[in-house]
Amino acid sequence: MTPTQLADAVLRSVRAAVADGELPAGTGAGDALLRRPPHGGADWSTGIALRLAGPAARPPHTVAEVLRRRLAATPGVAAVTPSGPGFLDIVLAEGAQAALLDEILTLPAPAALPEDPARDVRAWRAASDDRPPAGLDLLTQRTENPLFRVRYAHARARSAVRGGARLGIAPDAAAAEELRHPAERAVLALLGERHRAGSAGWLVRLADAHLDATATAAVLPQGPEKPGAVHRARLALAQAAATVLADGLTRLGIGAPDHL
């Protein structure tokens, strides 16, 4: 189950609870309010019960329990646990990471923007709340430059995919269970939040996570190492990261070149 599918399942559980009379008629959901939980072993958390408590005239924990029972029976969901004043922490069933990568890898590539450095700098400044260090030009290709890091991470990911093709190694989302390193799991967690790709700050987080993961675990075989499932999984992760970074940059009106 992907985050998109989970959000739909949360909203369906609300509608079904209203239809069955467990929540009052007219209790609307809006959106699922999914977030990454700050701690614990859950994949996602939702505070939708807190928002529905007022319209439903029920305590948040009562609404949460109604939704918990329905979500726990949803295919693709392994466990749902109440937490805090009315949150639901959700653990997805095995295969969720593969489904996420597969969903991203099937997305169409965003339209390429022509090279225009001045446009890119203007667009980044307009989208970013953070100011670069004093004296740093956003055209400078240095790691202190957040715009450069995002574009560099995208180009590195594209380069890895090209390198895999030369070696006859194709990205394989189905091998996602091979992505066990915490740095790789951090990239997967961010990819699950790809609806935030229109945020400059979020793109920097994804770029940094991807660069950290590739520095920790090489995407392609090294030396005499033979290609294996883990390399196909890492290529899928790199391709997904490149796709989301390119989409985010394009949304901001910034070019995402494959070579820097």
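The values are calculated or read from the model by the stated rules, or taken from the named source; none is laboratory data. Keep in mind it's a predicted model, so treat the numbers as computed, not measured. We place every Cβ from the backbone using ideal geometry, glycine too, and count neighbours over all the protein chains shown.
Do we find a residue being under 22 Å from Arg196 (Cα atoms), outside the structural domain of His195 (by TED's automatic domain parsing) and either in a loop (DSSP other than H, G, I, E, B) or modelled with pLDDT of 90 or more (or both) anywhere in the range 22-30? First the steps, then the outcome.
Filtering the range 22-30 down to residues under 22 Å from Arg196 (Cα atoms) leaves 29-30.
Adding the requirement that they be outside the structural domain of His195 (by TED's automatic domain parsing) leaves 29-30.
From what's left, either in a loop (DSSP other than H, G, I, E, B) or modelled with pLDDT of 90 or more (or both): 29-30.
Yes, the range 22-30 has at least one match.
Summed over the range 35-46, the residues that are in contact with a helix residue (DSSP H, G or I) (Cβ under 9 Å, 6 or more places away or on another chain) and at pLDDT 85 or above give a count of 3.
Scanning the range 1-47 for residues that are over 22 Å from Leu101 (Cβ atoms), of a type in the set (S, T, N, Q) and in contact (Cβ under 8 Å) with a residue 40 or more places away in the chain gives Ser13, Thr46. For Ala165, are the conditions met, namely being touching a Pro at 6+ places or on another chain (Cβ under 7 Å) and modelled with pLDDT of 95 or more? So Ala165 does not fit the description; no.
How about the range 150-260: which helices (runs of 4 or more DSSP H) wholly inside it have at least 3 residues that are within 19 Å of Asp102 (Cα to Cα)? So that I can check it myself, show each step before the final result.
On the way: elements: 182-191, 200-216, 229-251.
Of the helices (runs of 4 or more DSSP H) lying wholly inside the range 150-260, those with at least 3 residues that are within 19 Å of Asp102 (Cα to Cα) span 182-191, 229-251.
Being within 21 Å of Trp202 (Cβ to Cβ), at pLDDT below 95 and surrounded by 14 or more Cβ atoms within 10 Å (Cβ to Cβ) is a property that Ser83 lacks.
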